[in-house]
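Okay, structure first, notes after.
FYI, it's all coordinate maths here, none of it is from the lab. If you're wondering where the values come from, they're calculated on a predicted model, not measured in any experiment. Cβ sites come from the backbone with ideal geometry, for glycine too, and all protein chains shown count toward neighbours.
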Amino acid sequence: VDGIRLNNSTFRSGPNQYWSTVDLYAVEAIELVRGPGSVLYGSDAVGGTVNAIARRRREFEPGTHGSVRGVLRASEAERSFTERVEGHGNRDGLGVFAGATFRDLGDLQAGSGGLPGTGYGETDADLRLDFTGASKTAWALGIQHVRQRNVQRTETTRDAVPFHGTTAGTERKRDLDQERDLVYLRAARKGLSATLSWHRQGEEQDRDRTGGRTDVS
């Protein structure tokens, strides 16, 4: 994410759920590097790298300028509703970009009917400050905040809809709350850059099993 590593050794295999903690409404472009990329992205970037480049203010006209934008999206397939509001502007060499995303995802609708227990809620926020002073050193401060609530591991619960070769789970509930916070400061000059970052990821699982057994981890 903006050149800062997202995956780490605590992730389960098949890290699709963690990629979902990147708000794509706050992403300007996706960079895909095929093959080894350890020079740019570190020693573990051996099989390819996906880099989500955050949105930021690109124009720096003299004076003060700004604009706002809103996005509304509704989808019948997952009974979802998404709201996105953002604003960006600049005052001479200082650029600001800020946004917030609110998502309410309902249960997926498959060809044979609904898939209960697949909906969840999400709240995201992002901020990016860019500054180029008289020294020609470009400074960037980025902040990202993501919260996902009650994301079910539906396939392990009684709500699961089995298909050929599978069976429904036995658990009454298995909810996950996921959160991610990223703060970074970057300085760039003449093709060289240095980044200082703080990245926090949290995951809480609330599990209601058979026989009255429960656990929170």
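Treating r as the C-beta distance of residue 112 and residue 38 and R0 as 45 Å, the FRET efficiency rounds to 0.45.
If you take the Cα atoms of the chain, find Rg, then find the Kirkwood Rh from the mean of 1/r over all pairs, what is Rg/Rh? Kindly include the intermediate steps, with their values, before the conclusion.
Details: Rg = 20.7 Å, Rh = 19.9 Å.
Here Rg/Rh amounts to 1.04.
Extending 7 Å from the Cα toward the beta-carbon at both residue 217 and residue 164 defines two label points whose distance is 3.4 nm. Take the Cβ atoms of residue 73 and residue 31, set R0 to 25 Å, and the FRET efficiency comes out at 0.55. Note: segment 29-140, Cα convex hull, 154 Å³ per residue. Estimated from helical segments only, the mean residue ellipticity of the chain at 222 nm is -500 deg cm²/dmol, where each DSSP H run of four or more residues counts as -39500 (n - 2.57).
Loop-only chymotrypsin sites (Phe, Trp or Tyr not before Pro) in segment 96-202, please: DSSP not H, G, I, E or B, and at most 14 other Cβ atoms within 10 Å.
163
For segment 132-217, give the share of DSSP beta bridges that are antiparallel, in percent and rounded to the nearest 5; count only bridges with both residues there.
95
Charges were assigned to the Cβ only: +1 to each Lys and Arg, -1 to each Asp and Glu. The resulting dipole of the chain about its Cα centre is roughly 520 debye. DSSP loop trypsin sites (Lys or Arg not before Pro) in segment 1-81 with at most 14 other Cβ atoms within 10 Å of their Cβ, which ones? Passing sites in segment 1-81 are 5, 12, 34, 58. Once both labels are positioned 7 Å from their Cα atoms along Cα-to-Cβ, the gap between residue 137 and residue 193 label points is 1.6 nm.
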